[in-house]
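Enquirer: Just passing along the structure, written as structure tokens.
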């Protein structure tokens, strides 16, 4: 109840701020100087609905330089768009089923490379690639093996219990946990601000990060949360967010170690219609060094609207998934891994 009340106060204040009339100065050098628009109480104004979709890959493809130009840029974009297209029907029955939702349902913005024509979202290391990984502990190897086995059981239609299913299947977290990376759809994010708080509400699923800016410390290390524990502050015109205390390796990027994982996000408005979203992931027990990516967020048409995301399919289907598994245990002829006979 307290959290809900706080959220209501924050969002109410943010909406008042959104309606306040301010005159934004014209940016002189958007590549180097942050856009100077401020909220009525003096913080850099990041409010609005933003979209982070792009076809530029996280890691740089082999043989590519840092950027592409001219005809090479056009060919790069065309190839990426072809690779991502859900309208293609090549690749056999399995691929065809995986593209059952065609381009009509997808975010068309994700088929465009970034305006600066970078070949990777990763900017550090300079090669645009993830750093090498480090050997993981036997305990983490065991956890990964257990998750892989649970995933294999699910794919075979034989899950044991609901809680062994992945977080996306259980409608707990999908792509709404930082870092925010482009996906097939629901790439919008709404930012609210009020004195002392910022709220980031992704279109995907149902999370809203209500982030204090008053310098309070992180919660105790034994308290873990699905989206981690975030604290923020401004460094000049940049909003800096530091997040720790993730619940488990399902809630951090690529199954990193939640005990040593920290993500630092930076939001800098560089133009009226653009926010640069930069994040650095630091986990010395997963990668040999920290790594950083930059993704432009583009302000969407004000006529567009963010709708409530309703995750129903697997949420309601858990009963059917478990019932089917028990039926297959009793009748092996129903096993999905074997060819089905026509009736």
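The values are calculated or read from the model by the stated rules, or taken from the named source; none is laboratory data. This one's a predicted model, so the numbers in the text were calculated from it and none came from an experiment. Virtual Cβ from ideal backbone geometry, glycine too; neighbours counted across all protein chains shown.
Enquirer: Report whether or not residue 140 is touching a helix residue (DSSP H, G or I) at 6+ places or on another chain (Cβ under 8 Å), outside any loop (DSSP other than H, G, I, E, B) and modelled with pLDDT of 90 or more.
Expert: When the stated conditions are applied, residue 140 does not pass them.
Enquirer: Just name the residue that is surrounded by the most Cβ atoms within 10 Å (Cβ to Cβ) out of those in the range 113-144 that are farther than 23 Å from residue 74 by Cβ and touching a strand residue (DSSP E or B) at 6+ places or on another chain (Cβ under 8 Å).
Expert: Checked the range 113-144; the qualifying residue surrounded by the most Cβ atoms within 10 Å (Cβ to Cβ) is 130.
Enquirer: For residue 66, work out the one condition from (1) buried (at least 19 other Cβ atoms within 10 Å of the Cβ); (2) within 27 Å of residue 239 (Cβ to Cβ); (3) more than 22 Å from the chain's Cα centre (by Cα) it doesn't fulfil.
Expert: Only one criterion in (1) buried (at least 19 other Cβ atoms within 10 Å of the Cβ); (2) within 27 Å of residue 239 (Cβ to Cβ); (3) more than 22 Å from the chain's Cα centre (by Cα) is unmet by residue 66, namely (1).
Enquirer: Going by the structure shown, is residue 288 modelled with pLDDT under 95 and over 30 Å from residue 37 (Cα atoms)? Full working, then the answer.
Expert: Values: modelled with pLDDT under 95: no; over 30 Å from residue 37 (Cα atoms): yes.
No.
Enquirer: Can you tell me which residues in the range 268-296 are surrounded by fewer than 18 Cβ atoms within 10 Å (Cβ to Cβ) and assigned to a loop (DSSP other than H, G, I, E, B)?
Expert: Across the range 268-296, the qualifying residues are 272, 273, 284, 285, 288, 289, 290.
Enquirer: Quick one: residue 80 ticks every box in (1) exposed (fewer than 13 other Cβ atoms within 10 Å of the Cβ); (2) in contact with a helix residue (DSSP H, G or I) (Cβ under 9 Å, 6 or more places away or on another chain); (3) part of a helix (DSSP H, G or I) except a single one, so which number is it?
Expert: The failed condition is (1).
Enquirer: I've got another one for you. Scan the range 122-137 for residues that are within 23 Å of the chain's Cα centre (by Cα) and either assigned to a loop (DSSP other than H, G, I, E, B) or more than 18 Å from residue 292 (Cα to Cα) (or both) and report the count.
Expert: Adding up the residues that qualify gives 8.
Enquirer: Looking only at the range 209-227, count every residue that is buried (at least 16 other Cβ atoms within 10 Å of the Cβ), more than 13 Å from the chain's Cα centre (by Cα) and not in a strand (DSSP E or B) and tell me the total.
Expert: Number of matching residues: 2.
Yes/no per residue for (1) out of contact with any strand residue (DSSP E or B) (no Cβ under 9 Å at 6 or more places or on another chain); (2) free of Cβ contacts under 8 Å to residues at least 12 places away in the same chain; (3) under 28 Å from residue 44 (Cα atoms); (4) assigned to a helix (DSSP H, G or I):
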| residue | (1), (2), (3), (4) |
| --- | --- |
| 170 | yes, no, no, no |
| 181 | no, no, yes, no |
| 200 | no, yes, yes, no |
| 233 | no, no, yes, no |
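Enquirer: Could you figure out which of (1) in contact (Cβ under 8 Å) with a residue 24 or more places away in the chain; (2) surrounded by fewer than 19 Cβ atoms within 10 Å (Cβ to Cβ); (3) over 16 Å from the mean Cα position of the chain (by Cα); (4) closer than 19 Å to residue 172 by Cβ isn't true of residue 260?
Expert: Against the list (1) in contact (Cβ under 8 Å) with a residue 24 or more places away in the chain; (2) surrounded by fewer than 19 Cβ atoms within 10 Å (Cβ to Cβ); (3) over 16 Å from the mean Cα position of the chain (by Cα); (4) closer than 19 Å to residue 172 by Cβ, residue 260 comes up short only on (4).
Enquirer: Which is surrounded by fewer than 16 Cβ atoms within 10 Å (Cβ to Cβ) and within 22 Å of residue 202 (Cα to Cα), of 265, 304?
Expert: 304
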